[in-house]
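Heads up: the structure comes next, in structure tokens.
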Amino acid sequence: MDFKEIVNDVPTHIKKEFIYKKHKKGSLILHPHEQNNYLYILTTGLAEVYRQSYVGTMLSLYIYKSYSCFGEIEIFNDNIKTLGVIAKEDCETIAIHKTKFYEWMKLDFNFNFYLIKQLASKLVLSSDTAAQLSLLPAKDRILLSLHNHYKIGDLDYLTKQILSSEVCAPIRSLNRSIAECINEGFINYKGKKFSINSIEAIEKYLENFLLS
């Protein structure tokens, strides 16, 4: 039984509590670092989720296709904040409050089985990506972090101090790598703000080791 069938077979009293939403391409479905009490089911479109690796680097983790879900990790652990989820094209979602989410779990083994498989898949992917990032040189970690801050729309708020923490590099080493990125034409840094000259150039540079 696929997830679409599971959603279509949800008990009527739970379906009545579904909240239907539409999201324009490029908009945030979930803002990062917020408290979340809802499971989101993507019914139409593509969405991209961002997370932070154990070394602190922001990275694009996964592309969600129609009839997949996200937000379940925060529901199971109140100490975890949301990841940024962006609509890659026009999307439609169903939001389910955690009280109804728990009721659904009590009633449907297939729903539970799907959730466990998805959580296991995310765990493996996250571990593999984090291990890969830890081997990257500082310049590559900087470009990857800048790329993802640009994608989630908060590049204007990125400081050197935050970037230093994310890429696990001291300020002196960070400044050398930033200068290298500037000299190679990827970015600029003026007025204590980062800007990207060409997101396409950065993605082409990064695609060989992570974004492909």
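The values are calculated or read from the model by the stated rules, or taken from the named source; none is laboratory data. Worth saying up front: this structure is predicted, and the values here are computed from it rather than measured. All Cβ positions, even for glycine, are placed from backbone atoms using ideal geometry, and neighbour counts span all protein chains on display. What goes into the accessible areas is simple: the full protein's heavy atoms, side chains included, and nothing from ligands, DNA or RNA. Shrake-Rupley method; radii C 1.70, N 1.55, O 1.52, S 1.80 Å.
Overview of values
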{"read-out": "Proximal aspartates and glutamates to Lys204, defined as alpha-carbon separation beneath 19 angstrom and excluding residues fewer than eight positions away on the same chain", "value": "Glu48, Asp140, Glu180, Glu184"}
{"read-out": "Exposure ranking of Thr43, Thr93, Thr12 by accessible area [1.4 Å probe, largest first]", "value": "Thr12, Thr43, Thr93"}
{"read-out": "Long-range tail of P(r) for the chain (Cα pairs > 30 Å, %)", "value": "29"}
{"read-out": "Spacing of the two label points (7 Å from each Cα toward its C-beta) at His31 and Asn112, in nm", "value": "3.6"}
{"read-out": "Carbon and sulfur %, accessible surface of the chain computed with the full protein complex present, 1.4 Å", "value": "52"}
{"read-out": "Selected from Asn77, Ala87, Tyr67, residue furthest toward positive end of dipole (region 66-113; charges at beta carbon)", "value": "Asn77"}
{"read-out": "Relative packing of peptides 116-122, 153-159, 98-104 - highest average C-beta neighbours within 10 Å first", "value": "98-104, 153-159, 116-122"}
{"read-out": "Accessible area per residue in Å² at 1.4 Å probe, computed on the chain", "value": "53"}
